[in-house]
1. Aspartates and glutamates near LYS221 by alpha-carbon distance under 17 Å, same-chain residues fewer than 8 away left out - which ones?
2. Could you tell me the convex hull volume per residue, in Å³, taken over the Cα atoms of the chain?
3. State which entries of LYS29/LYS55; LYS92/LYS117; LYS29/LYS92 exceed 28 angstrom in Cα-Cα distance in the structure shown.
4. Report, in whole Å, the centroid distance computed from the Cα atoms of region 1-57 and region 130-190.
5. Could you order peptides 134-143, 223-232, 74-83 by the average number of other Cβ atoms within 10 Å of their residues, highest first?
6. Which of the three applies to region 156-255, rounded, prolate or oblate, going by the alpha-carbon gyration tensor with a ≥ b ≥ c and a/c under 1.5 meaning rounded?
7. Stretched out fully, how many nm does the piece from TRP208 to LYS55 gain, at 0.36 nm a residue minus the Cα gap?
8. Let me make sure I get this right: for region 92-229, a, b and c are the square roots of the gyration tensor eigenvalues over alpha carbons, sorted descending. Under 1.5 in a/c it's rounded, otherwise prolate if a/b > b/c, else oblate. Which is it?
Amino acid sequence: MAKLSETEKHRREKISVAVRKRWADPAYKQRVGKLISKGKRRSWQDPEIRERTLKAMQAGGFFSGKGRRGKSWSAEVREKMSQSAKGRDMSKAVAASVEARKNNPQLRERFIAHCRKLHADPEIRKKRSQAMRRKWREDSVFRNHMLEHLASIPRRGTSIELTVQALLNQLETRHMPQRVFKLGSQAAIADFYLPDYNIVIECDGSHWHSSPAQKRRDRFKDQLYRRLGLRVIRLRDKEIENNLIENFLRKLEQLT
């Protein structure tokens, strides 16, 4: 390779400085980024280009992880990637990715195999669990979104919840199962909400509601309900299994 002259080096340095200075302008960067993205999308519509690109990515180990196996991003690069991702709405990109996997069985199988491989690693499972717990604690928008999503999923309910629901139906009491309540950045899902009485019913199984962590969560939910002006009835599994009507009416009478 021919050695560059000082004049050529100086010329290239000036061009590099000018380009970096121009790229620092957010409006210019966004405009050029859209043009590049549009061009890439147009190119991706060409089957020949798409097939050639996928082959090159496979050969380079893009899908298998061989390309960066044993390597890790530097702290500086990770910080830049983190800052770049913050505040970005990824919902459309995620939806497009999910749709692509639905329509491509090969891609779906590859994705499932990759997820299983990651899940088999105890260290990765631990890191993901810690990251999810941290996001749950610190990101109220994420927490509320997840609570609403969980409440919207049709579920059969536990045996004691089904027993209480049968009683409410028998008494012809209007009720709403899996009702989400919010107050600022805090939220909780109630087993049942009785709108006519402004009462929340929680069905507590002895196994799940006896641990210190679950007791703390139950106290948090009770405090949240009371701050919202709701009254709370907690029914233990023994109370539900034995003389449910008597226990329920007794607790209802205590509140009213």
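1. The qualifying aspartates and glutamates are GLU148, ASP191, GLU202, ASP204.
2. Working: hull volume 61.6 nm³, N = 256.
Looking at the chain, the number lands at 241 Å³ per residue.
3. Working: LYS29/LYS55 30 Å; LYS92/LYS117 26 Å; LYS29/LYS92 21 Å.
Beyond 28 Å between Cα atoms: LYS29/LYS55.
4. The two parts, judged by their Cα centres, are 49 Å apart.
5. Packing proxy ranking, top to bottom: 223-232, 134-143, 74-83.
6. oblate
7. Details: separation 153, 0.36 × 153 = 55.08 nm, distance 5.06 nm.
Taking 0.36 nm per residue and subtracting the Cα distance, the gain is 50.0 nm.
8. prolate
A short reminder: the numbers here are calculations on the coordinates, not readings from a lab. Owing to the predicted nature of the structure, the values given are computational and were not obtained by experimental measurement. A quick note on method: Cβ atoms are made from the backbone with ideal geometry, for glycine too, and the neighbour counts reach across all protein chains shown.
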